[in-house]
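Asks: First the structure, which I've put down as structure tokens, then a few questions once you've had a look.
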Amino acid sequence: MVIHALGNGPLAVDTWWHDVMLAWRTDAGLAVAWALDLIGGVASMIAIGIAIVIGFLTARRPRDAIAVVAAMLVSETITGVLKLSFARPRPADSLANDAMTSFPSGHTSLAATVTVVVALLIRARVAWVFAVIWVAAMAWSRTYLEAHWLTDVIAGAVLGASVAVLTWAFAAGLRRTEDHPVFVEWPANR
């Protein structure tokens, strides 16, 4: 809301980070950022999501597979609605050819959604370490390519993690309800 109230342009922290990324730009950094752009794009993330779903189905965890799909769909829907609602322009010197607007970062929100929901479902420390590293790397790459402002990637990470947690909590609540039904059938013969 602050971003929208201030005219949808970059905040002071955004322009500072933008200048830092420009000053640190190297060919090697660009190669890494472009690789992350490709891996974190919608098509690649759909393929990764399908692989995760297959993994959960193979492990006979269909509810977890559904949770991953639901989290990804909800995250992408909310991100799209926010992009259209805010219509925040990308940095003028953006190297990314993304057509949509800047706020929030779709790459970062999807990265956070997938990694956080998987970390919650498998409950492994290594999954949490990977989630933090992956989301930070994705956020960095989006700002390094000047595709997003810093506040765009922060919002994307918060959005994605929030969707993951809420989806996981909803799925856990359904699981508890199935294990301990609220409604109990009374015996027919009393």
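The values are calculated or read from the model by the stated rules, or taken from the named source; none is laboratory data. On a predicted model such as this, the values are computed, not experimentally measured, just so you know. No Cβ is skipped: glycine too gets one built from the backbone with ideal geometry, and neighbour counts run over all protein chains shown.
Asks: Restricting the search to the range 20-67, which residues are of a type in the set (Gly, Ala, Ser) and over 21 Å from residue 118 (Cα atoms)? Quick ask: steps written out before the conclusion?
Replies: Residues of the range 20-67 that are of a type in the set (Gly, Ala, Ser), as a first pass: 23, 28-29, 31, 33, 35, 40-41, 43-44, 47, 49, 51, 55, 59, 65, 67.
Passing the criteria: 23, 28, 29, 31, 33, 35.
Asks: Looking at (1) assigned to a helix (DSSP H, G or I); (2) under 28 Å from residue 21 (Cβ atoms), which is the one condition that is false for residue 118?
Replies: Among (1) assigned to a helix (DSSP H, G or I); (2) under 28 Å from residue 21 (Cβ atoms), the lone unmet condition for residue 118 is (2).
Quick grid of which residues meet (1) touching a Lys or Arg at 6+ places or on another chain (Cβ under 8 Å); (2) surrounded by fewer than 18 Cβ atoms within 10 Å (Cβ to Cβ):
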residue	(1), (2)
79	no, no
91	no, no
100	yes, yes
104	yes, no
127	no, yes
133	no, yes
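Asks: Select from the range 25-60 the residues that are part of a loop (DSSP other than H, G, I, E, B) and modelled with pLDDT of 90 or more and write down the one among them that is nearest to residue 146 (Cα to Cα).
Replies: If we take residues in the range 25-60 being part of a loop (DSSP other than H, G, I, E, B) and modelled with pLDDT of 90 or more, then 25 is nearest to residue 146 (Cα to Cα).
Asks: Taking the range 25-64, which residues are touching a helix residue (DSSP H, G or I) at 6+ places or on another chain (Cβ under 9 Å) and of a type in the set (Lys, Arg)?
Replies: If the condition is that a residue be touching a helix residue (DSSP H, G or I) at 6+ places or on another chain (Cβ under 9 Å) and of a type in the set (Lys, Arg), then 25, 61, 63 are the ones that fit.
Asks: Continuing with the same structure: Would you call residue 80 farther than 19 Å from residue 153 by Cβ and either assigned to a helix (DSSP H, G or I) or touching a residue at least 12 places away in the same chain (Cβ under 8 Å) (or both)? Before the answer, list the steps.
Replies: Working: farther than 19 Å from residue 153 by Cβ: no; either assigned to a helix (DSSP H, G or I) or touching a residue at least 12 places away in the same chain (Cβ under 8 Å) (or both): yes.
No.
Asks: From 137, 155, 172, 111, grab the single residue that is at pLDDT 90 or above, farther than 19 Å from residue 34 by Cα and assigned to a helix (DSSP H, G or I). Break it down stepwise before answering.
Replies: Working: 137 fails: farther than 19 Å from residue 34 by Cα; 172 fails: at pLDDT 90 or above; 111 fails: farther than 19 Å from residue 34 by Cα.
Residue meeting the stated conditions: 155.
Asks: List, please: which pairs have Cβ atoms under 7 Å, are six or more places apart or on different chains, and start with a residue in the range 121-142 that is more than 30 Å from residue 14 (Cβ to Cβ) and end with one that is part of a helix (DSSP H, G or I)?
Replies: What qualifies is 121/64; 121/67; 121/168; 127/118; 127/119.
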